[in-house]
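The values are calculated or read from the model by the stated rules, or taken from the named source; none is laboratory data. Note that the structure is predicted; figures quoted are calculated from it, not measured. So basically every Cβ, Gly included, is an ideal-geometry build from the backbone, and we count neighbours across all protein chains shown.
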Amino acid sequence: MTAPFGPLTPDFVLGAVESTGLRCDGRLQTLNSYENRVYQVGIEDAAPLVVKFYRPARWSDEAILEEHAFLAELAEDEIPAVPALDIGGHSLHHHAGFRLALFPRRGGRAPELDDPAVLGWLGRFLGRIHAVGARRPFVARPDLTLHSFGEEPREALLNSPFLPPELRHTWQTVADQALDGVRRCYERAGTLPQIRLHGDVHGGNVLWTDAGPHFVDFDDARNGPAIQDLWMLLSGDAQAMARQLDHVLEGYEQFASFDPASLHLVEALRTLRLIHYAAWIAKRWDDPAFPAAFSWFDSPRYWQDMILALREQIALMDESPLTRQF
């Protein structure tokens, strides 16, 4: 088994940071991340910084720099996203075959997504992010599409060793039915604007302080429909999600327009995430962190549960979409 981040010993991490011209004080703390590797690093006579080592071969330099440029654009508009630091005229640095970026440390806690005021506040900031994101598209970063998040991951899983043989046919049949449901949702939604997104707005990527939220980890930023950054804030049954959506949009529409046709995509995007997430784990299995963290992935129970979840999504996608209550 290969180890893509194997060389990242403490000495290597500190040496990589110091290669940018900074001086470390020896303090080092590993932060939670699977796709990349992220550390808090002590800096002499200054506040600690966060260093992110990008997964080799995932993004091009151009795609990473687009992420950094988007963050800088948001920061310029005083939107609370954490931009990469410009050190010596560069935000992306190279050291011994790795690419890294440094960020200010920003603390916070998970947002209380059952609080209407919190949802409204998040909606306002997402509206501001999307107003900036709509100015121009990403060029080097990909689009969120049925093909990239559904059809390609389906093929990858069918060609992987993880699907139990006795469940393979059932999973393939249900996955195909689910993707047919996604296609119907996209047809009902029609043509929607594709804007630059955060791409992965869940509770772990929003840090809350007494001053409000700030958004972290734009590593999955891409072009897509605005609803992608909203639906993961919603949970519960349809009535509960409709109430939550109202609170989010009450803030969102102060800064960006919202097309109600995009509500046809809520359950479609949830379905794509189920398939894409499984393919992501399968693709990263050569990273020792993944078998350790996702030990259940190659068990029949996981695939049985996924088949059930996809069947539930097939039914939900054929129901009426969420509707605003006020």
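Among the residues of segment 10-60, those that are surrounded by 13 or more Cβ atoms within 10 Å (Cβ to Cβ) and out of contact with any strand residue (DSSP E or B) (no Cβ under 9 Å at 6 or more places or on another chain) comprise Tyr34, Glu35, Arg58. Here the condition is being over 30 Å from Glu78 (Cα atoms) and not aromatic (Phe, Trp, Tyr); of Pro321, Pro213, Pro260, it holds for Pro321 alone. Checked across segment 180-192, the condition of being under 11 Å from the mean Cα position of the chain (by Cα), surrounded by 18 or more Cβ atoms within 10 Å (Cβ to Cβ) and of a type in the set (Gly, Ala, Ser) holds for no residue. All of (1) surrounded by fewer than 16 Cβ atoms within 10 Å (Cβ to Cβ); (2) in a helix (DSSP H, G or I) hold for Val118 with one exception: (1). Only one entry in Ala84, Ala72 is touching a helix residue (DSSP H, G or I) at 6+ places or on another chain (Cβ under 8 Å) and either surrounded by 15 or more Cβ atoms within 10 Å (Cβ to Cβ) or not in a loop (DSSP other than H, G, I, E, B) (or both), namely Ala84. How many of the residues making up segment 219-258 are closer than 30 Å to Pro56 by Cβ and in contact with a strand residue (DSSP E or B) (Cβ under 7 Å, 6 or more places away or on another chain)? Total satisfying the criteria: 6. A Cβ distance below 6 Å, combined with a sequence gap of six or more or placement on separate chains, defines the contacts here; from segment 274-290, residues that are surrounded by fewer than 17 Cβ atoms within 10 Å (Cβ to Cβ) reach no residue that is at pLDDT below 95 and basic (Lys, Arg). The set of residues in segment 224-241 that are out of contact with any His (no Cβ under 7 Å at 6 or more places or on another chain) and hydrophobic (A, V, I, L, M, F, W, C) comprises Ile227, Leu230, Trp231, Leu233, Leu234, Ala238, Ala240, Met241. Among the residues of segment 7-32, the one identified as part of a loop (DSSP other than H, G, I, E, B), under 25 Å from the mean Cα position of the chain (by Cα) and closer than 18 Å to His94 by Cβ is Leu8.
Does Asp143 satisfy the criteria of being acidic (Asp, Glu) and more than 18 Å from the chain's Cα centre (by Cα)?
On the way: acidic (Asp, Glu): yes; more than 18 Å from the chain's Cα centre (by Cα): no.
Judged against the criteria, Asp143 is not a match.
Thr30 satisfies every condition listed in (1) closer than 19 Å to Asp219 by Cβ; (2) of a type in the set (Ser, Thr, Tyr); (3) in contact (Cβ under 8 Å) with a residue 24 or more places away in the chain except (3). Where helices (runs of 4 or more DSSP H) fall wholly inside segment 214-326, the ranges with 2 or more residues that are among the hydroxyl-bearing types (Ser, Thr, Tyr) are 266-283. Selection of segment 179-209 for residues being in contact with a Lys or Arg (Cβ under 8 Å, 6 or more places away or on another chain) and closer than 17 Å to Leu308 by Cα yields only Leu179.
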